[in-house]
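> Can you keep this structure in mind? I'll have questions shortly.
The values are calculated or read from the model by the stated rules, or taken from the named source; none is laboratory data. What you see is a predicted model; the values in this text were computed from it and never measured. Methodologically, a virtual Cβ is constructed for each residue, glycine included, from the backbone with ideal geometry; neighbour enumeration extends over all protein chains shown.
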């Protein structure tokens, strides 16, 4: 099996309404991740930063090419519990941050196998040829209502619980994480993003902006489109093309380090 890597372009923006950026992100040749914090004041920034910093610290244990597939997957999956424990430790030391939390959506590539780890409503997509597929399922009240057929897609646009999460990393030790595995192919393009993007752009619009462009130009087009639509939230976007050469360094962006 050939070894594939992510070749990435990424950008994080505050938007037109928020005063600060509660998003954080990690970009690397084997691991990409977006975290969208919540909690108000500095809480959201701390939570998302803790998630990304902790994941970055753990990453060498499961991206090591000498580790077998099963062990690497277990370490990647268990990173959620480590992040959750770190958030709990911070809130115990700093009670003013109680209630803070974050989403986390991460993709890890091992040879040609893509593993998705996901909590919250930051999303992962794959563009393969002409098909854009959402790989993650939102952990929201709205998505549960849609899945059960209680409301329609048209009703969902204006639903008052549109952004209410059913799962998040909040240090409460109540996670039920699972890995979703996909086969990667050369020329696949992966998108992970905070809901600052998907809250204002449809899947059809996203597809039109990322197809047929270089990754950097496509990222700029997505961010520009959110601003044209009012950019009511922070927006973070990572586009990763699957290639056979390792050309992407490790980079963090968004909120400052905790």
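> Are any residues in region 22-53 assigned to a loop (DSSP other than H, G, I, E, B) and either on the phi > 0 side of the Ramachandran plot or surrounded by fewer than 24 Cβ atoms within 10 Å (Cβ to Cβ) (or both), and if so, which ones?
Within region 22-53, 28, 29, 30, 39, 40, 41, 42 qualify.
> Condition check: touching a residue at least 24 places away in the same chain (Cβ under 8 Å), within 15 Å of the chain's Cα centre (by Cα) and closer than 30 Å to residue 111 by Cβ. Does residue 245 satisfy that?
no
> Same structure, new question: Scan region 89-100 and give yes if some residue there is surrounded by 24 or more Cβ atoms within 10 Å (Cβ to Cβ) and either farther than 19 Å from residue 44 by Cα or in contact with a strand residue (DSSP E or B) (Cβ under 6 Å, 6 or more places away or on another chain) (or both), otherwise no.
Looking for residues that are surrounded by 24 or more Cβ atoms within 10 Å (Cβ to Cβ) and either farther than 19 Å from residue 44 by Cα or in contact with a strand residue (DSSP E or B) (Cβ under 6 Å, 6 or more places away or on another chain) (or both), one finds none in region 89-100, hence no.
> Could you look through region 126-138, keep only residues that are in contact with a strand residue (DSSP E or B) (Cβ under 8 Å, 6 or more places away or on another chain) and part of a loop (DSSP other than H, G, I, E, B), and pick out the one that is nearest to residue 213 (Cα to Cα)?
Across region 126-138, the extreme among qualifying residues is 135.
> Suppose we filter 33, 9 for residues that are under 19 Å from residue 224 (Cα atoms) and touching a helix residue (DSSP H, G or I) at 6+ places or on another chain (Cβ under 8 Å); which single one remains?
Residue meeting the stated conditions: 9.
Rundown of residues vs (1) outside any loop (DSSP other than H, G, I, E, B); (2) surrounded by fewer than 20 Cβ atoms within 10 Å (Cβ to Cβ), yes/no style:
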position	(1), (2)
197	yes, no
201	no, no
205	yes, yes
217	yes, yes
227	yes, yes
233	no, no
237	yes, no
248	no, no
253	yes, yes
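> Now a separate question. For region 65-83, check the following and say yes or no: at least one residue is touching a helix residue (DSSP H, G or I) at 6+ places or on another chain (Cβ under 8 Å), modelled with pLDDT under 95 and in a loop (DSSP other than H, G, I, E, B).
Checked region 65-83: at least one residue is touching a helix residue (DSSP H, G or I) at 6+ places or on another chain (Cβ under 8 Å), modelled with pLDDT under 95 and in a loop (DSSP other than H, G, I, E, B).
> Taking only region 126-151 into account, find how many residues are within 30 Å of residue 241 (Cβ to Cβ), in contact with a helix residue (DSSP H, G or I) (Cβ under 8 Å, 6 or more places away or on another chain) and at pLDDT below 95.
1
> Scan region 116-125 and give yes if some residue there is in a strand (DSSP E or B), more than 28 Å from residue 213 (Cα to Cα) and modelled with pLDDT of 95 or more, otherwise no.
yes
> Of the numbered conditions (1) part of a helix (DSSP H, G or I); (2) farther than 20 Å from residue 180 by Cβ; (3) modelled with pLDDT under 95, residue 99 satisfies every one except a single condition; which is it?
Here residue 99 meets the rest and fails (1).
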